[in-house]
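First up is the structure itself, then whatever we jot down about it.
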Amino acid sequence: MHPVLIAPSLLSANFARLGEEAEAARVAGADMLHVDVMDGHFVPNLTLGPPIVRSLHKATSLPLDCHLMVEDPDALLEDFAAAGTRWLSVHLEACRHLHRTVARIRELGMSPGVALNPHTAVSLLEPILPELDFVLVMSVNPGFGGQRFIPAVLDKVRWLDHWRKAHGSALAIEIDGGITAETIGEARRAGVDWFVAGSAVYGKADYTAAVAALRAGAAE
Ligand code: DX5
Ligand code: ZN
């Protein structure tokens, strides 16, 4: 099992102070920074793009985990690589030629992951899993922070955990949506390694206490 990594999601941060909020997550003990990129088409919300990621990369040493919720991820891959993205996930539902997209992400020097909406069967990923560094299992419908965790997606986590053990794979499993100190333990026991948490970190007054509460919940 991989160690627990906590990835605060900037979506719940103060957008007028993004650099400081990013660095505050590092100081609070986070392991990576989750950056939600939304285009207003794939999801009904708009956030930010490569120029802001570039500035975030300068503002903090936390590695950047960019989650592309966009209709045409291929058009943006180079810009995200140049902006300093470490991990990049694209949605299965947005990619017609997923194998090509994943290969391109790696060619550009980033670590590729694929995100799955709650309704999407994980078995669709089976042929491409050997090419991935991680799978991002969405535990809410993407678009907004602060939604309720959907426990049924943990069956997909268990399937992935079983798959990687059977294949001796180092694949990491990330979960995103509704992760709190209460829900994180169940997700960890199902096999999750990386935990995105927006409102459970940036929605709290004390980020350090919030990250510690998540780690404690994951250890239960
Ligand atoms: C939702 C985003 C999430 C979001 C999670 O579309 O992908 O990363 O910020 O927010 P919480 O942790 O509040 O559910
Ligand atoms: Zn996300």
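Quick one: count up the residues across the stretch 11-43 that are out of contact with any Phe, Trp or Tyr (no Cβ under 9 Å at 6 or more places or on another chain), open to solvent by 20 Å² or more (accessible area, probe 1.4 Å) and among the charged types (D, E, K, R).
5
Scan L48, L62, L68, L77 and give me the residue that is of a type in the set (A, V, I, L, M), in a helix (DSSP H, G or I) and either within 16 Å of ligand 1 (Cβ to nearest atom) or within 16 Å of M110 (Cα to Cα) (or both).
L77
Checking S89 against (1) over 21 Å from G177 (Cα atoms); (2) touching a Gly at 6+ places or on another chain (Cβ under 6 Å); (3) of a type in the set (S, T, Y), which single condition isn't satisfied?
Against the list (1) over 21 Å from G177 (Cα atoms); (2) touching a Gly at 6+ places or on another chain (Cβ under 6 Å); (3) of a type in the set (S, T, Y), S89 comes up short only on (1).
Could you pull out every one of the helices (runs of 4 or more DSSP H) wholly within the stretch 145-220 that has 3 or more residues that are open to solvent by 10 Å² or more (accessible area, probe 1.4 Å), more than 15 Å from ligand 1 (Cβ to nearest atom) and of a type in the set (A, V, I, L, M, F, W, C)?
154-167, 207-219
With L46, L77, L64 as the choices, which residue is over 18 Å from E20 (Cβ atoms), buried (at least 17 other Cβ atoms within 10 Å of the Cβ) and among the hydrophobic types (A, V, I, L, M, F, W, C)?
That would be L77, the only listed residue that is over 18 Å from E20 (Cβ atoms), buried (at least 17 other Cβ atoms within 10 Å of the Cβ) and among the hydrophobic types (A, V, I, L, M, F, W, C).
The values are calculated or read from the model by the stated rules, or taken from the named source; none is laboratory data. Note that this is a predicted model, so its numbers are computed, not measured. Because the Cβ atoms are built from the backbone with ideal geometry, glycine has one as well, and the counts that use them run over all protein chains shown. Each accessible area value is taken on the protein alone, full model and side chains, heavy atoms only, with ligands, DNA and RNA left out. Shrake-Rupley method; radii C 1.70, N 1.55, O 1.52, S 1.80 Å.
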